[in-house]
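This report refers to the structure that appears directly beneath it.
The values are calculated or read from the model by the stated rules, or taken from the named source; none is laboratory data. Small disclaimer: the values here were computed from a predicted structure and weren't measured. Ideal geometry is used to build each Cβ from the backbone, glycine not excepted, and the neighbour counts take in all protein chains shown.
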Amino acid sequence: MSSFFKTTLLLGLMTGLLMVLGGLIGGRHGVAIAFVIAAVINFFSYWFSDKVVLRAYGAQELDASSAPELYSIVNELATAARIPMPRLYMIDTDTPNAFATGRNPNHAAVAVTRGIMRICTREELKGVIGHELSHVINRDILTSSIAATLAGAIMMIGTWIRWGAIFGIGERDDEEGGIVGLLIAGILAPIAASLIQLAISRTREYQADASGARLTHNPLLLANALRKLEAANERMPLPASPATAHLFIVNPLSAAGIARLFSTHPPIEERIRRLEKMAGESAA
């Protein structure tokens, strides 16, 4: 199953979940109100997320004179991908990580930490930048904004349903499960929406890995970088906000045990396995 088809399917499932909730509350008006509120919130996130997240991490803009090697890598890959040179930023932390943001290739930014510059070779940095530019090329900010809008609407409706059940809505509708049925739907639907949203994020990470590997013509560059980044982030976690953790190339938050279920990133070992498989297939 292609990543595009899987993402479309997951978005469809979330849309279906929203429609089911609309049926439970007995009308389309509540669904429309929740969707509009969520859309407005995520509209501003879509248009201004780059400025907000860069400011949140104290990122400083770089140019060809302040970071010549990094600028050269980004410029080389942007040219190969036929997209404009994105703005380039540095985050002053020793934890190695990186992310891309921006609503489209004409308004994109790539940020790296000081730590990633220290532990990665030029070739490994090339693998990382290829991954990040792929997020830009694949319009992943748009995809995540759509998913966040649908999930946000579902979560709001779930809250309304729970309060409605508490105050007796559904009490007369025994055939549909009454208050108990509403409470179950109000609790489980937001959880399901969150899991679908996380699945979309993980799918987009796999796609960016594959696209970035094709852009650099060597999947092992990113695979080697991911090994270093995972080990370093375990030793020295980045104090990142959960709201922006999904942007980074490796999860800056703990994803051990049951937390893996709610991780925005797929397991590093699986990402490396897929990249190594790509390398083997291209060498065959």
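Just a few scattered comments:
- Unmet requirement for LEU70, which otherwise passes all of (1) farther than 24 Å from ASN233 by Cβ; (2) of a type outside the set (Val, Ile, Thr); (3) in contact with a strand residue (DSSP E or B) (Cβ under 7 Å, 6 or more places away or on another chain): (1)
- Test: residue in the stretch 138-152 that is crowded, with 16+ Cβ neighbours inside 10 Å, more than 30 Å from HIS265 (Cα to Cα) and modelled with pLDDT under 80: no
- Output for the stretch 236-279, where each listed residue is at pLDDT below 90, loosely packed, with under 12 Cβ neighbours inside 10 Å and either in a helix (DSSP H, G or I) or basic (Lys, Arg) (or both): GLY257, ILE258, ALA259, LEU261
- Restricting attention to the stretch 57-76 and to residues that are among the polar types (S, T, N, Q) and more than 23 Å from the chain's Cα centre (by Cα), the residue that is nearest to LEU215 (Cα to Cα) turns out to be ASN75.
- Among the conditions (1) crowded, with 22+ Cβ neighbours inside 10 Å; (2) without any contact (Cβ under 8 Å) to a residue 24 or more places away in the chain, the only one that SER65 does not satisfy is (1).
- Subset of the stretch 84-94 [closer than 16 Å to LYS126 by Cβ and either among the aromatic types (Phe, Trp, Tyr) or surrounded by fewer than 19 Cβ atoms within 10 Å (Cβ to Cβ) (or both)]: MET85
- Taken over the stretch 102-119, the criterion of being hydrophobic (A, V, I, L, M, F, W, C) and either assigned to a helix (DSSP H, G or I) or surrounded by 23 or more Cβ atoms within 10 Å (Cβ to Cβ) (or both) is satisfied by ALA108, VAL110, ALA111, VAL112, ILE116, MET117, ILE119.
- Counting only residues that are surrounded by fewer than 22 Cβ atoms within 10 Å (Cβ to Cβ) and in a helix (DSSP H, G or I), the stretch 216-225 holds 2 of them.
- Output for the stretch 102-120, where each listed residue is more than 30 Å from PHE43 (Cβ to Cβ) and without any contact (Cβ under 8 Å) to a residue 40 or more places away in the chain: ARG114, ARG118
- Residues of the stretch 81-113 that turn out to be over 27 Å from SER145 (Cα atoms) and over 22 Å from the mean Cα position of the chain (by Cα), as a count: 2
- Contact annotation: residue pairs with Cβ atoms under 6 Å, 6 or more positions apart or on different chains, pairing a residue in the stretch 208-234 that is free of Cβ contacts under 8 Å to residues at least 40 places away in the same chain with a partner that is surrounded by fewer than 24 Cβ atoms within 10 Å (Cβ to Cβ) and outside any loop (DSSP other than H, G, I, E, B), are GLU230/ILE268.
- Residue in the stretch 90-100 that is of a type outside the set (A, V, I, L, M, F, W, C) and in contact with an Asp or Glu (Cβ under 7 Å, 6 or more places away or on another chain) present: no
- Top-ranked residue of the stretch 165-175 - restricted to ones that are surrounded by fewer than 21 Cβ atoms within 10 Å (Cβ to Cβ) and not in a loop (DSSP other than H, G, I, E, B), ranked as modelled with the highest pLDDT: ILE166
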